[in-house]
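Data block below; observations after.
The values are calculated or read from the model by the stated rules, or taken from the named source; none is laboratory data. All figures in this text were calculated on a predicted structure; none of them were measured in a lab. Neighbour counts run over all protein chains shown; Cβ positions are idealised from the backbone, glycine included. Quick note on the areas: whole protein, heavy atoms, side chains included, nothing else; ligands and nucleic acids left out. Shrake-Rupley method; radii C 1.70, N 1.55, O 1.52, S 1.80 Å.
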Amino acid sequence: MSDTSSSMRQPAESRDYGKLVNKVAQKWNHRFSKSINPLADADAFQDTASLQPLEDGQYMTATPNTPSSVYFPESCPTPTASPSAGAQERTPKTSLSGQSDSTAVAMPEVSPGKTEVKDIERSGGQRRAQCEAHVPLPVQKRAQWAYIGLMVTLAILLEVLRWYSNKHDGLTYIVWFHPTGFKSPWLTVLLTIISTLLATPAIMMDTEVRKLQPLINLLGRDPAHADRTLLLNCGQQNVFLTFARSLFWENLYVMATTACVIVTFAFQPLAGTLISVQDIWWIGSHVSVNSLAKIGLARVEDFLDMTEFQAASSFASADVMYNVSSPPFISNGYTVAEFELPDSGVNDTVYANRSAVLSQASCAVPDSLAMVRVESSPTLWHNTVLFGQCSYTWTVDSNATYLYGVAPAAFTDCRQDFASVPLQYRPVFFWFFTYKPDPIAALVLCTPHASGQPVSVALDLATGATAVTPLQNSPSDADTANVGAFAYNGVFFDETILDQTALARLQAIQQQLPGAVFEAARTRNPTLLREFSARGFRDLAQDVYSTYLSLVAKIVYFVEDDETIAVRVGSECKRFFVVGTVAHLLAAAFTVIAACTFGLAYGLRRTLPVLPIPPRLGTLGAAIWLTAQTDIALSLGDDAVDARHFAERLSGHRYFLDRESGRIMSVPSVEKGKERRVSLPARVREELGMVWQKATAIVSGREGAASMAKTLP
């Protein structure tokens, strides 16, 4: 009881004594503050500072260089150490400043597991709010989650954009991003600027985390060496070197942010090659135009003047002789129903589904040919051909070297009777004869055919060339079956209904067509021996006659039309394409950054609320604030500390961040000569150990099997 009562009387006596010497202490403090630096020579007023009463002064213990000796009203308060940790008595020992004191130092609670953070019940929420007030914006929760969402969204959008570009033949071209001329760098510059803006948050986050990493190390479970705390310099090193050092020092936060920065280095080159401009053939939307013709039998009176027939014969002859391309709406025997051409570029192509007439000539050579010369006339020859049991005979008698002509089919001695068939629907004979070097004759039988078919047509506006593709379904613009039961041969008509001019034109056609066939054969082989002997006239006659029939079909198988049809115009245009490989790489980069940022946010979720971050971290003022009125400041303030002894003075101690005052404190290091610990992360070491054990087991198993194999007989 005596001890208890004496201990209760001591605070009252100390308080009375403090009141008596209060004025003396204030006077001496005022004098010393003007004449000396209290941090440089703390012994000058050590005794007087101990006389400061507890209620009126800021110094609460004997000396101002211990964690419990000062009270900082403007600091960021944090939860105190657990009472179970207690206080370690530093008596007698020497502090960093070389002074001997017997002040109790609040030590952080060390537990084998996770550190328990206990807020002060009275003002825990207020202290947490004060700590979070100084958290830099790039490492705040809302900024990090916003950046994660941005990266994930961009990765998804890139993949969707790549898919859309491939499916729809690129993206709409913008003329301001023309790949040539002064506009050529605009697209690349724009993408580079966007990539730089996307990399800026990662760089800012890395800068702030480099500043926070020493404080985070100070807030660890155990006090850390100066190499990991006070001497740790993450801000002035190359990003690759910082990443390597953070990997070996296990500074996971800096490693995550530097990994993000390294990944952002690929943004600019990838963004510059993300979009390519390609010239493609683009088919636009439907355009309405007027139809000019549809399939239907024309009136005979409309073409009895034979003008169109003669023009068709001339074109067919020129095509064989000079390889002239087909006119518009005609291609490979197809004659397409005409329509108006839309107003478009010269090099465009018009696409439409139309009805067409397919005109073909089926030609055959006789089974045998017999030539009989009349003795009385050396130029008179009777030539007879057989097609099965049907025969046909024609006679030539002329002084000319080469003879050719056409005749309507008229067989005798067989069941095929063409006498009842009008001349304009009969098959046609193309016959040829030459007197030199030896008299020889040839004949080809050609039968015309015409049928209506639905087709897809592509017409080049520059050249008029027409490409035709047959369709399975008939378009709705015309009836493809209305072509008649018989096909016009285009060579013979009822001459009684023709006037003299039309008859002359018809006779010209009858000479022009076989003449074109004969001239084409002689151009191929001047001697004509192969054509006469190998039946070469059949192919030539079929080509010429089919071309002629397709031209004639435009006259006899189509009638006028005034309906509206839909066509599409194709043109060569520029389109933006998303490069697939670059899009995948950029999406992967965005995903990596999002993953690293998520790991950083997850790791900092419990650290930042209890981390006393000084205002304006990274400045000299913040550094002074962290060590103000501590033994660290006194130690480094010694005149004997120069650049060579700077790190030496900080060695031999471990450092921690006092959560009560927000200042950096030190304790003696129990491990001497082991200040640097450079090693791989624990997980990496465990993985390597497991791999080594598996490899050793495999090798041991192989050696055992080999030894057993040797022992076997």
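The residue that is most open to solvent (accessible area, probe 1.4 Å), counting only those in the stretch 243-281 that are hydroxyl-bearing (Ser, Thr, Tyr) and over 19 Å from GLY603 (Cβ atoms), is THR273. Only residues that are β-branched (Val, Ile, Thr), at pLDDT 90 or above and out of contact with any Phe, Trp or Tyr (no Cβ under 9 Å at 6 or more places or on another chain) were counted across the stretch 513-543, and they come to 0.
Of everything in the stretch 358-378 that is outside any strand (DSSP E or B) and either of a type in the set (Lys, Arg) or open to solvent by less than 50 Å² (accessible area, probe 1.4 Å) (or both), the residue that is nearest to ALA312 (Cα to Cα) is VAL365.
Pick from the stretch 619-651 the residues that are of a type in the set (D, E, K, R) and more than 24 Å from GLY235 (Cβ to Cβ): which of them is most open to solvent (accessible area, probe 1.4 Å)? Per the criteria, the residue is ASP639. Answer with yes or no whether ARG426 is of a type in the set (D, E, K, R), touching a residue at least 40 places away in the same chain (Cβ under 8 Å) and surrounded by fewer than 15 Cβ atoms within 10 Å (Cβ to Cβ). Judged against the criteria, ARG426 is not a match. Considering the stretch 308-357, and only residues there that are touching a Lys or Arg at 6+ places or on another chain (Cβ under 7 Å) and either without any contact (Cβ under 8 Å) to a residue 12 or more places away in the chain or open to solvent by 20 Å² or more (accessible area, probe 1.4 Å) (or both), the residue that is farthest from VAL468 (Cα to Cα) turns out to be GLN310. In the stretch 402-413, the residue that is nearest to ASN489 (Cα to Cα) out of those that are without any contact (Cβ under 8 Å) to a residue 40 or more places away in the chain and open to solvent by 40 Å² or more (accessible area, probe 1.4 Å) is ALA410. Is it true that some residue in the stretch 521-537 is over 30 Å from GLY272 (Cα atoms) and β-branched (Val, Ile, Thr)? Yes, the stretch 521-537 has at least one match.
Against the numbered list (1) of a type in the set (Gly, Ala, Ser); (2) over 44 Å from the mean Cα position of the chain (by Cα); (3) surrounded by 17 or more Cβ atoms within 10 Å (Cβ to Cβ), SER291 comes up short only at (2). Listed by position, the helices (runs of 4 or more DSSP H) enclosed by the stretch 525-608 that each have at least 3 residues that are out of contact with any Lys or Arg (no Cβ under 7 Å at 6 or more places or on another chain), in contact (Cβ under 8 Å) with a residue 24 or more places away in the chain and surrounded by 18 or more Cβ atoms within 10 Å (Cβ to Cβ) are 537-556, 580-604.
Only a single item in (1) surrounded by 15 or more Cβ atoms within 10 Å (Cβ to Cβ); (2) free of Cβ contacts under 8 Å to residues at least 12 places away in the same chain is not met by TRP163, and it is number (1). Based on this model, can you work out whether GLY235 counts as touching a Gly at 6+ places or on another chain (Cβ under 9 Å) and at pLDDT below 85? In short, yes. Restricting attention to the stretch 379-391, the residues that are of a type in the set (Val, Ile, Thr) and open to solvent by 40 Å² or more (accessible area, probe 1.4 Å) total 1. Mind checking whether some residue in the stretch 666-684 is outside any loop (DSSP other than H, G, I, E, B), modelled with pLDDT under 75 and of a type outside the set (A, V, I, L, M, F, W, C)? Checked against the condition, which is being outside any loop (DSSP other than H, G, I, E, B), modelled with pLDDT under 75 and of a type outside the set (A, V, I, L, M, F, W, C), the stretch 666-684 yields at least one hit. Tell me, which residue of the stretch 175-188 that is open to solvent by 80 Å² or more (accessible area, probe 1.4 Å) and farther than 20 Å from LEU270 by Cα is modelled with the lowest pLDDT? Among them, the one singled out is PHE182. Cβ separations smaller than 7 Å between residues 6+ apart or across chains give the following pairs from the stretch 648-664 residues that are under 13 Å from ASP222 (Cα atoms) and among the aromatic types (Phe, Trp, Tyr) to residues that are open to solvent by 30 Å² or more (accessible area, probe 1.4 Å) and modelled with pLDDT under 80: PHE656/PRO108. Flag: GLN237 matches the condition of being in a loop (DSSP other than H, G, I, E, B), in contact with a helix residue (DSSP H, G or I) (Cβ under 8 Å, 6 or more places away or on another chain), of a type outside the set (A, V, I, L, M, F, W, C) and free of Cβ contacts under 8 Å to residues at least 60 places away in the same chain.
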